[in-house]
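First comes the structure, then the notes that go with it.
The values are calculated or read from the model by the stated rules, or taken from the named source; none is laboratory data. For clarity, every value in this text was computed on a predicted model and none was experimentally measured. Virtual Cβ from ideal backbone geometry, glycine too; neighbours counted across all protein chains shown. Just the protein is used for accessible areas: all its heavy atoms, side chains included, with ligands, DNA and RNA removed. Shrake-Rupley method; radii C 1.70, N 1.55, O 1.52, S 1.80 Å.
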Amino acid sequence: MEVELFSADDWCDWEEYDGEKKYTFKIMANKTSSERETRILVENKQSGVSETIRIVQEAFTPRLEILTQEIVAGAEYAQVMLWSNVKANIDYTMTAEETDWIKLVDNSFMYIYINETGVERQVKITVTNEEYGISRSFVVKQEKYRFLGLPDVVITMPSSGSTYRIQIHTDQEVKAVISPSSSDWITVQVTNGNMELSCKQNTLDKERSVWIDLEIGKFVRKSIELIQAKASSPGGNIDDIIQEEW
């Protein structure tokens, strides 16, 4: 038996297989807000008998959802993925409030620059589809550096050498870097919120100094200058000379 199929609309098509005995219907996506239907006329070539198949397709419901209303980023430079916060079956465009501390890239992610303001900040991201008139939004917040400061920014030590301890008020990981790095007369240790500076004796007839840069993550946040007094007499202090019996 040979049959022919006639479609009333171009959004419904078919392909035959198994020697014209079976057909697979292909339905294009319904991008309209209304239900639609079409009819397929099936006709027997020999007998002229025909039947009609009615196909109904549901209306398209556009979906644009925001999964999280607030994304929180740390104070350091970061790359934040935004596409994973949007669930949609339609195209959309992302825009951000005008600000100089972020860079939005291709409706996908954003770069956030280091927060040096000392306060938390946030930016509003708007996700829009103009065709369906849908608009959603969420915010990206950036934390501030919780660095409360240091009691001293300039430290003076005697030429005889000494140890100086400073309490560092921060809840971030801190690393101390000596500049210049070739300064072998001073050592620095940071443990449990305390920094310990230890200097060797200065036997020079001039004072010497170094900078201690305190880094949070990869960024220098605070600097301390350490100055050691010069020896009171060439070659060192008389009190520091090793006494020997002759």
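What the table shows:
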item	result
Filter pass, ASN85 being open to solvent by less than 80 Å² (accessible area, probe 1.4 Å) and at pLDDT below 95	no
Hits in segment 23-36 (condition: free of Cβ contacts under 8 Å to residues at least 24 places away in the same chain, part of a strand (DSSP E or B) and within 14 Å of ASP10 (Cβ to Cβ))	LYS26
Complete set of residues in segment 119-142 that are in contact with an Asp or Glu (Cβ under 8 Å, 6 or more places away or on another chain), open to solvent by 60 Å² or more (accessible area, probe 1.4 Å) and in a strand (DSSP E or B)	LYS124, ARG136, LYS141
Search result, residues across segment 191-207 that are outside any loop (DSSP other than H, G, I, E, B) and without any contact (Cβ under 8 Å) to a residue 24 or more places away in the chain	THR191
Positions within segment 187-246 being of a type in the set (A, V, I, L, M, F, W, C), open to solvent by less than 50 Å² (accessible area, probe 1.4 Å) and modelled with pLDDT under 70, in sequence order	ILE216
Positions within segment 49-80 being closer than 30 Å to ARG121 by Cβ, in a loop (DSSP other than H, G, I, E, B), open to solvent by less than 70 Å² (accessible area, probe 1.4 Å) and out of contact with any helix residue (DSSP H, G or I) (no Cβ under 8 Å at 6 or more places or on another chain), in sequence order	GLY74, ALA75, GLU76
Total residues in segment 68-126, condition among the small types (Gly, Ala, Ser) and more than 13 Å from the chain's Cα centre (by Cα)	3
Subset of segment 81-100 (residues that are outside any loop (DSSP other than H, G, I, E, B) and out of contact with any Phe, Trp or Tyr (no Cβ under 6 Å at 6 or more places or on another chain))	TRP83, SER84, ASN85, VAL86, LYS87, ALA88, THR93, MET94, THR95, ALA96
